[in-house]
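Right, one structure below, let's go through it.
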Amino acid sequence: MTEALHLGEEEIPWVDTGTGVELKLVQADIEAGLWIVRNRFAAGVVVQKHKHTGQVYGYTLTGAWKYAEYDYVNRAGSFLYEPAGSEHTLTVLDDNTEPTDVWFQIYGSNLNLDPEGNVESITDAEGIYAAYMAMCEAQGLPRPNVLT
């Protein structure tokens, strides 16, 4: 491929995960183990503690969130780099007055951990692609042209 590809905002729908999180899958490169998502989090959402097997880049568009294990807060305009092996619990601030919108570029897998630190489930490019497509279908949304 030698051409740039463009996807407009309206071409990739938001799906409701039923957990206070909306998801938009932009790219899922299964061979490279890369998945790029936008998440919109409601105030007070806590995402299960997880460990990354690869690097993660995050950019906050609106709202505010933090990791329970750290003191800093990610706000609109914040950039975050997470090295492979990092473990944390994403926590959205309770007093947000708008959804927290974050773009993540994730390499490898999220190992979702139970309270004792055992792997409870795994999220990766292949799994998030299948889940996103299933949620689009279940919510009556057209099949999006996610970059694969």
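The values are calculated or read from the model by the stated rules, or taken from the named source; none is laboratory data. These figures come from a predicted structure and were not determined experimentally. No Cβ is skipped: glycine too gets one built from the backbone with ideal geometry, and neighbour counts run over all protein chains shown. SASA here: full protein model, heavy atoms, side chains in, ligands and nucleic acids out. Shrake-Rupley method; radii C 1.70, N 1.55, O 1.52, S 1.80 Å.
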Filter result for the condition that a residue is open to solvent by less than 60 Å² (accessible area, probe 1.4 Å) and out of contact with any Leu (no Cβ under 8 Å at 6 or more places or on another chain), over L93, L61: L93
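Which ones in the range 1-25 are free of Cβ contacts under 8 Å to residues at least 24 places away in the same chain and either over 19 Å from T148 (Cβ atoms) or in a helix (DSSP H, G or I) (or both)?
Of the residues in the range 1-25, the ones free of Cβ contacts under 8 Å to residues at least 24 places away in the same chain are 1-4, 6, 8-10, 18, 24.
If the condition is that a residue be free of Cβ contacts under 8 Å to residues at least 24 places away in the same chain and either over 19 Å from T148 (Cβ atoms) or in a helix (DSSP H, G or I) (or both), then E9, E10, G18 are the ones that fit.
Here are some residues: V56, V73. Which one is within 25 Å of D16 (Cβ to Cβ) and open to solvent by less than 60 Å² (accessible area, probe 1.4 Å)?
Values: V73 fails: within 25 Å of D16 (Cβ to Cβ).
Within the list V56, V73, the selection yields V56.
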Among the residues of the range 39-53, write down those that are surrounded by fewer than 18 Cβ atoms within 10 Å (Cβ to Cβ) and either within 14 Å of the chain's Cα centre (by Cα) or of a type in the set (D, E, K, R) (or both). A42, V46, Q48, K51
Near pairs, Cβ below 9 angstrom, 6+ apart or cross-chain, from the range 46-65 (in a strand (DSSP E or B)) to any residue that is open to solvent by 70 Å² or more (accessible area, probe 1.4 Å) and of a type in the set (A, V, I, L, M): K51/V119
Enumerate the pairs (first residue in the range 112-140 and open to solvent by 40 Å² or more (accessible area, probe 1.4 Å); second residue anywhere and small (G, A, S)) with beta-carbon separation below 6 Å, excluding pairs fewer than 6 apart on the same chain, so at least 6 apart or on different chains. I122/S109; D124/S109; Y129/A28
From (1) closer than 18 Å to L23 by Cα; (2) touching a Phe, Trp or Tyr at 6+ places or on another chain (Cβ under 9 Å); (3) open to solvent by 30 Å² or more (accessible area, probe 1.4 Å), pick out the condition that doesn't hold for F79. (1)
For the range 98-107, does any single residue satisfy the condition of being open to solvent by 20 Å² or more (accessible area, probe 1.4 Å), more than 22 Å from G20 (Cα to Cα), touching a Leu at 6+ places or on another chain (Cβ under 9 Å) and at pLDDT 95 or above? yes
Regarding the range 6-22, can at least one residue be identified that is among the aliphatic types (A, V, I, L, M), over 24 Å from G117 (Cα atoms) and surrounded by fewer than 18 Cβ atoms within 10 Å (Cβ to Cβ)? yes
